[in-house]
Number of protein chains: 4
Amino acid sequence: MRAVVKPGPGPGMELRDVPTPGCGPSDVLIRVHAAGVCGTDLHIWEWDAWASGRLKPPLTIGHEFAGRIEQLGAEARAEGLLQVGDAVTAEGHIVCGHCLQCRTGNSHLCVRTRIIGVDRDGAFADFIAMPASNVMKLEGIPLEIGAIMDPVGNAVHTVLEGGSVPGSSVFVLGCGPIGCFACGVAKAAGASLVIASDLNDMRLDLARQMGADLTLNPGRDDVLARIREVTGGDGADLVCEMSGHPAGHAQAFAAARLGGRVNLLGTPSRSTEVDFARDIIFRGLTLYGVTGRKMYSTWHQMSRFLRSGQLDPRPVVTHRFPLEGIADAIAVIKDGKAGKVMLEIAP
Amino acid sequence: MRAVVKPGPGPGMELRDVPTPGCGPSDVLIRVHAAGVCGTDLHIWEWDAWASGRLKPPLTIGHEFAGRIEQLGAEARAEGLLQVGDAVTAEGHIVCGHCLQCRTGNSHLCVRTRIIGVDRDGAFADFIAMPASNVMKLEGIPLEIGAIMDPVGNAVHTVLEGGSVPGSSVFVLGCGPIGCFACGVAKAAGASLVIASDLNDMRLDLARQMGADLTLNPGRDDVLARIREVTGGDGADLVCEMSGHPAGHAQAFAAARLGGRVNLLGTPSRSTEVDFARDIIFRGLTLYGVTGRKMYSTWHQMSRFLRSGQLDPRPVVTHRFPLEGIADAIAVIKDGKAGKVMLEIAP
Amino acid sequence: MRAVVKPGPGPGMELRDVPTPGCGPSDVLIRVHAAGVCGTDLHIWEWDAWASGRLKPPLTIGHEFAGRIEQLGAEARAEGLLQVGDAVTAEGHIVCGHCLQCRTGNSHLCVRTRIIGVDRDGAFADFIAMPASNVMKLEGIPLEIGAIMDPVGNAVHTVLEGGSVPGSSVFVLGCGPIGCFACGVAKAAGASLVIASDLNDMRLDLARQMGADLTLNPGRDDVLARIREVTGGDGADLVCEMSGHPAGHAQAFAAARLGGRVNLLGTPSRSTEVDFARDIIFRGLTLYGVTGRKMYSTWHQMSRFLRSGQLDPRPVVTHRFPLEGIADAIAVIKDGKAGKVMLEIAP
Amino acid sequence: MRAVVKPGPGPGMELRDVPTPGCGPSDVLIRVHAAGVCGTDLHIWEWDAWASGRLKPPLTIGHEFAGRIEQLGAEARAEGLLQVGDAVTAEGHIVCGHCLQCRTGNSHLCVRTRIIGVDRDGAFADFIAMPASNVMKLEGIPLEIGAIMDPVGNAVHTVLEGGSVPGSSVFVLGCGPIGCFACGVAKAAGASLVIASDLNDMRLDLARQMGADLTLNPGRDDVLARIREVTGGDGADLVCEMSGHPAGHAQAFAAARLGGRVNLLGTPSRSTEVDFARDIIFRGLTLYGVTGRKMYSTWHQMSRFLRSGQLDPRPVVTHRFPLEGIADAIAVIKDGKAGKVMLEIAP
């Protein structure tokens, strides 16, 4: 089968012919329909410090996908819950099920997590094998949406964790694809006011399409002053830090209301100076670090939003390429002009 | 001033001239603009067992209202947070602030609760005096909506308590005014599917106007079968029991999904037979008895919904009367043909 | 191997020689050290309406056990987390992992639950095969305690669900083995006051040994009056209904404080009359139906209590029999004079 | 009456004769029995940047106290809940009751908070006037304990916020008086393991007296390695950062388990470098800034612990002085050799 492979240490990827993966007794073999390309894939392409420290090439890349079941292992077949031909997506974090985190509702933080396309072969290929327990039927969700439920799930996790969104004011700081999804999730979840900020006007336009009530460009707008103005002086109930920019953190803390919450998804590449007394303690803030998707409450809520039509992430998809266009896909992401970029692999 | 008074034991009320209430140091005197008429007022009119056991006439009736501040007591004035002329509404439950319930976020269950229009003089009058701490500025919410925030708040409390509404399926059992409000609240809070049932088609029509996706009439529809059908066989995540009908309880439990929640607001006039093992324990249900409004998180969330336009309760208001029309107002409620009934007291 | 088997419809069980169960790729074969005998096993012995409607004999009985791993399936071995010889216990509810309940942290309510000793072969035998994901290492917890972690877990689930136990007052209504365990759990969890009631003084004595601060016998004591007295007139923060007696429900509701919680584990054999308005709604109570153990947060908290010595359930164990003594074990349970009864199967 | 007063800008305090405070209609006048001296009082004594920016002298100092009611204002008397002679303590944060924070259960973050001994006259005096709603009856709690319920409440807030303490592992980083109280609170709340660290062995000794299972001195011990060792490699479920030392933050984050929680009470005097990606986001941590005491759930839980004897903070009290010994009291705190220091004002 065809697969986009990191052949060895160093930049780049190759489209190669590799053996179709085997399907163990608890596994499901899936014919990939489409896959999302992620910032992580750019790091892997560029072979940065993180990538070179973690990946063991050769490896098939790609962790966001949807497709149709081609084959079921004996145990998965015996369960009778999945069938050949089912349209499915899958959680790409494969976890141990036995550690403290797995046993207490925090599988997304499993100490033995193995991520497809990072720690084992991924989804930029004609087929991928997944444990049946990671696989979910789409049941009416279009395959092209299914292919990006991984990053939409990051947004759902970020927006819904820990607070009561209905009636609240949500500030999304950073409008990459996941930030744009977060705007849509917050509206779907009943937020009264969604504010989005980014330096890139194209991204702010996508955020508006996804439902942001107010978009701010720190290049032009006094972001904090405007947020205070539209929240009656209180600040935002929830801040979703999606930029990963060190300057974003100070702004995130200052934008939150007293007793508010800052959920952090964007991963800064360097450390940040924090005035804990002034910004966190005296203001009674809660901070939460977002990793992956909660398994599987995030997927459940996301599926409800998608099936009801409350949330449609497709306006964020700006580019589509065939599997052999992986270099172009990586290029448009690097360029900073893309929303979500997808690979269309099978009809 | 004019006031609708229960003059003594027995049915009926009278429009009388009574002294304007005094305004203590912590009090606010409010000129009433409009007031809602409630099922409770019907019980008081009819002098049923509950009313005759609790009220000590003569007493001014009415507990749902909005108006403008006419006068401030010395301490309320010193606080500087309320001003003469402010458009306000108020929580009608006056609580002690010292009991276990008041000290732990459950003031709505204060053992010393005194309700306006029930335990002390109420709002069907030109003026009412309220403790400043019970008074909230409307800040953009129209006075006619302010006048029914008490029952809208019952709906907010019922829908939002204890579960995560975004993406969920909500079944509202019973479409009196509060049931209709609950449909609107559930939609505003991001429910994916709102199902409403009532035997009265006029009420189902109001429920649809408030946002119910599916309305069922038990006289025609197999309610449980239809709920299972539209929830993929699971049942509803949240059931709001607003009918108070003993038969409603069994249906409420059966309509909830395994692990679901039943919030009970409707107060049945007699006891109900419950099969706890089959209906509650083996199904892992949570039941919650709704009293009043949470002080004041319910009011806060409601205000957000109302100011943003996510929720507009006005379609439920079917009748408006002047203060002297109290007998007519009571009559249309008794008749069962009304949605919400209001008294318009001052321009 | 030896196994206690329900051979066909009708009362009784038989000790038989049966084939050792096979061990599938995801399974673990366990040599049983000890097993707990439960009220459910008495229902199965007596072949009551529930048992005859659910069991399909022939079937090996028993669902509470601990033992040592004898053999690992290929996938379980590949995971590397369990080893031959490990002392283990297991959750006896085998769930599908795919339904709404399994996907949202409520596996204990899985619609496809299969219970060992009820729906598939159980643990009153020399060996039992279990899915590896249901198996937990004891890591320092004695095997004899491991054998009763199923019912201790019921108590943990009942006491810890939904409220904050530290500093609270807990009323345990019904002191069968799980009620007695609940007394110990409440003390371990920091309850300030644990009250236990039962008609049987032997059981009240066990409750005291497990930490109950006050024991009440409804045959002698005015239970509600005493609870009000020792709680400053408030009532109990949490009531654990463990009796399953229809009269227990009314008392449970009345004993809870305004805004309190009643967690229901005891399963009544008939329906109960409930005055919802007076007892649930006006009192703002929360009721919760307890099924099984939360998978696996209940097990995690229980393990912590057991390893630290905060909880020791052994005082509740009053009788121990060899596997061939199953008829005697059932007899002492039926007799009502036992606490927890165990079978000692292997050294 | 006598009062310890900050007479004007600059270091020091004076014992002066000042008028007894007036008692407004909603107020209670309290004869002070004893008062706690706090690190904040040291800042005020020294007139540091914070103190000189906030206090408006002349002002009576002191915010931790207990005493007996001497006089009730007219409204407080009419309520009938407090009586002359009652032994009481009081929450020293006087809040507005109207802001978003006050209306949503976060009064401890009220934007208009006025603190006794900081923003208005305090408790190092023969009498203090307090709003009746801030006053709580001790009902069996000794007056000398009542006098330090303010800082014990900080510890209760820090330990109990946001997680389920029963069965958990708690690491208290910094053993000043509040850290020592936190050790006792964690044990009372059912923690399985309490670890405390400090550079000062005298403080570690107090922590042990309060219930710490393991004490670590970073001058001698590899704190992180030891924590990992005693938590089976997982790290602590809850870290209470009580040191306020910038180096404490990095250690607090590293000591928490994946998905764990860090509650921050210690206020660092300068900013801290944080690697959000590595320390917070990829580890799924929750951070929470602790201000004051939750009004009044913290007080309620604390009272339960104190009345039941589960918690006794008295071992932490190392020094007692008369009112005129304020300079000595400040000196022993500055010296770093004291646990909790108290002023004994009236018999």
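The values are calculated or read from the model by the stated rules, or taken from the named source; none is laboratory data. Since we're looking at a predicted model, the values are computed, not measured. Glycine also receives a Cβ, built like all others from the backbone with ideal geometry; neighbour counts cover every protein chain displayed.
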(message) Please pick out the residue among C:Leu59, C:Leu55, C:Leu42 that is more than 28 Å from A:Ala74 (Cβ to Cβ), among the hydrophobic types (A, V, I, L, M, F, W, C) and away from chain A (no Cβ under 14 Å).
(response) C:Leu42
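When you go through B:Gly211, B:Gly266, B:Gly248, B:Gly259 one by one, which is the residue that is touching a strand residue (DSSP E or B) at 6+ places or on another chain (Cβ under 7 Å) and on the phi > 0 side of the Ramachandran plot?
None of the other options fit; the residue is B:Gly211.
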(request) Tally the residues that are within 14 Å of another protein chain (Cβ to nearest Cβ), crowded, with 18+ Cβ neighbours inside 10 Å and out of contact with any Gly (no Cβ under 6 Å at 6 or more places or on another chain), restricting the search to region C:20-33. (result) 1
(request) Quick one: which strands (runs of 3 or more DSSP E) lie wholly within region D:214-305 and hold at least 3 residues that are more than 8 Å from every other protein chain (Cβ to nearest Cβ) and within 24 Å of D:Asn154 (Cα to Cα)? (result) D:214-216, D:236-241, D:256-264
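Got a number for residues in region A:313-322 being more than 11 Å from A:Gly36 (Cα to Cα) and over 15 Å from the mean Cα position of the chain (by Cα)?
3
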(message) Anything in region A:62-91 that is closer than 29 Å to D:Arg278 by Cβ and either in contact with an Asp or Glu (Cβ under 6 Å, 6 or more places away or on another chain) or within 14 Å of chain C (Cβ to nearest Cβ) (or both)? List them, or say none.
(response) A:Glu64, A:Ala90, A:Glu91
(request) Among the residues of region D:158-190, write down those that are polar (S, T, N, Q), closer than 17 Å to D:Thr298 by Cβ and buried (at least 24 other Cβ atoms within 10 Å of the Cβ). (result) D:Thr158
(request) Identify, by number, the condition in (1) under 30 Å from A:Gly184 (Cβ atoms); (2) without any contact (Cβ under 8 Å) to a residue 12 or more places away in the chain that B:Arg220 doesn't meet. (result) (1)
(message) Can you tell me how many residues within region A:184-211 are touching a helix residue (DSSP H, G or I) at 6+ places or on another chain (Cβ under 6 Å) and either away from every other protein chain (no Cβ under 14 Å) or at pLDDT below 95 (or both)?
(response) 7
(message) Consider region B:161-187. How many of its residues are within 14 Å of the chain's Cα centre (by Cα) and part of a helix (DSSP H, G or I)?
(response) 9
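State whether one or more residues within region B:310-326 are within 14 Å of chain A (Cβ to nearest Cβ), touching a residue at least 60 places away in the same chain (Cβ under 8 Å), surrounded by fewer than 22 Cβ atoms within 10 Å (Cβ to Cβ) and outside any strand (DSSP E or B).
The answer is yes; a qualifying residue exists.
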(message) Which pairs turn up if I take residues in region A:158-183 that are without any contact (Cβ under 8 Å) to a residue 40 or more places away in the chain and look for partners that are aromatic (Phe, Trp, Tyr) with beta carbon separation below 8 Å, at least 6 apart in sequence or on another chain?
(response) A:Pro166/B:Phe305; A:Gly167/B:Phe305
(request) Mind listing whichever residues of region B:49-72 are outside any strand (DSSP E or B) and surrounded by fewer than 21 Cβ atoms within 10 Å (Cβ to Cβ)? (result) B:Ala49, B:Trp50, B:Ala51, B:Ser52, B:Gly53, B:Arg54, B:Leu55, B:Lys56, B:Pro57, B:Pro58
(request) Run B:Arg304 past the list (1) crowded, with 19+ Cβ neighbours inside 10 Å; (2) touching a Phe, Trp or Tyr at 6+ places or on another chain (Cβ under 9 Å); (3) free of Cβ contacts under 8 Å to residues at least 24 places away in the same chain and report the number of the one that doesn't hold. (result) (2)
(request) Name every residue in region C:159-183 that is within 13 Å of another protein chain (Cβ to nearest Cβ) and out of contact with any helix residue (DSSP H, G or I) (no Cβ under 6 Å at 6 or more places or on another chain), in order of residue number. (result) C:Leu160, C:Glu161, C:Gly162, C:Gly163, C:Ser164, C:Val165, C:Pro166, C:Ser168, C:Ser169
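Per-residue answers, yes or no, for (1) on the phi < 0 side of the Ramachandran plot; (2) surrounded by fewer than 16 Cβ atoms within 10 Å (Cβ to Cβ):
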residue	(1), (2)
A:Ser192	yes, no
A:Ile195	yes, no
A:Leu199	yes, yes
A:Leu206	yes, no
A:Ile227	yes, no
A:Gly232	no, yes
A:Asp237	yes, no
A:Ala252	yes, no
(message) Looking only at region D:254-297, filter to residues that are touching a His at 6+ places or on another chain (Cβ under 6 Å) and of a type outside the set (Gly, Ala, Ser); which one of those is surrounded by the fewest Cβ atoms within 10 Å (Cβ to Cβ)?
(response) D:Thr272
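Residue by residue, here is whether (1) more than 17 Å from the chain's Cα centre (by Cα); (2) part of a loop (DSSP other than H, G, I, E, B) holds:
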{"position": "A:Ser133", "(1), (2)": "yes, no"}
{"position": "A:Glu139", "(1), (2)": "yes, yes"}
{"position": "A:Glu144", "(1), (2)": "no, no"}
{"position": "A:Pro151", "(1), (2)": "no, no"}
(request) Please work out which one of (1) surrounded by fewer than 19 Cβ atoms within 10 Å (Cβ to Cβ); (2) touching a residue at least 60 places away in the same chain (Cβ under 8 Å) is the condition B:Met13 fails and give its number. (result) (1)
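Just wondering, is there one or more residues in region C:120-128 that are at pLDDT 95 or above and within 13 Å of C:Val28 (Cα to Cα)?
Looking through region C:120-128, at least one residue is at pLDDT 95 or above and within 13 Å of C:Val28 (Cα to Cα).
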(message) Just to be sure I understand, how many residues within region B:328-341 are out of contact with any Leu (no Cβ under 9 Å at 6 or more places or on another chain) and in a helix (DSSP H, G or I)?
(response) 4
(message) Please go through region D:108-131 and give me each residue that is in contact (Cβ under 8 Å) with a residue 40 or more places away in the chain and part of a strand (DSSP E or B), ordered by number.
(response) D:Ile115, D:Ile116, D:Arg120, D:Ala125, D:Phe127, D:Ile128, D:Ala129, D:Met130, D:Pro131
(request) State the number of residues belonging to region B:73-83 that are among the aliphatic types (A, V, I, L, M) and part of a helix (DSSP H, G or I). (result) 3
(message) Being touching a helix residue (DSSP H, G or I) at 6+ places or on another chain (Cβ under 7 Å) and more than 12 Å from chain C (Cβ to nearest Cβ) is the filter here; which residues of region A:125-138 pass it?
(response) A:Leu138
(message) Only one of A:Gly97, A:Gly105, A:Gly36 is surrounded by 24 or more Cβ atoms within 10 Å (Cβ to Cβ) and under 23 Å from the mean Cα position of the chain (by Cα). Can you tell me which?
(response) A:Gly36
(request) Could you please let me know if C:Ser243 is free of Cβ contacts under 8 Å to residues at least 40 places away in the same chain and within 28 Å of C:Ser107 (Cα to Cα)? (result) no
(message) Regarding region C:101-124, can at least one residue be identified that is among the hydrophobic types (A, V, I, L, M, F, W, C), more than 14 Å from chain B (Cβ to nearest Cβ) and in contact with a Leu (Cβ under 8 Å, 6 or more places away or on another chain)?
(response) yes
(message) Out of the residues in region A:1-10 meeting the condition of being in contact with an Asp or Glu (Cβ under 6 Å, 6 or more places away or on another chain) and not in a loop (DSSP other than H, G, I, E, B), tell me which one is surrounded by the fewest Cβ atoms within 10 Å (Cβ to Cβ).
(response) A:Arg2
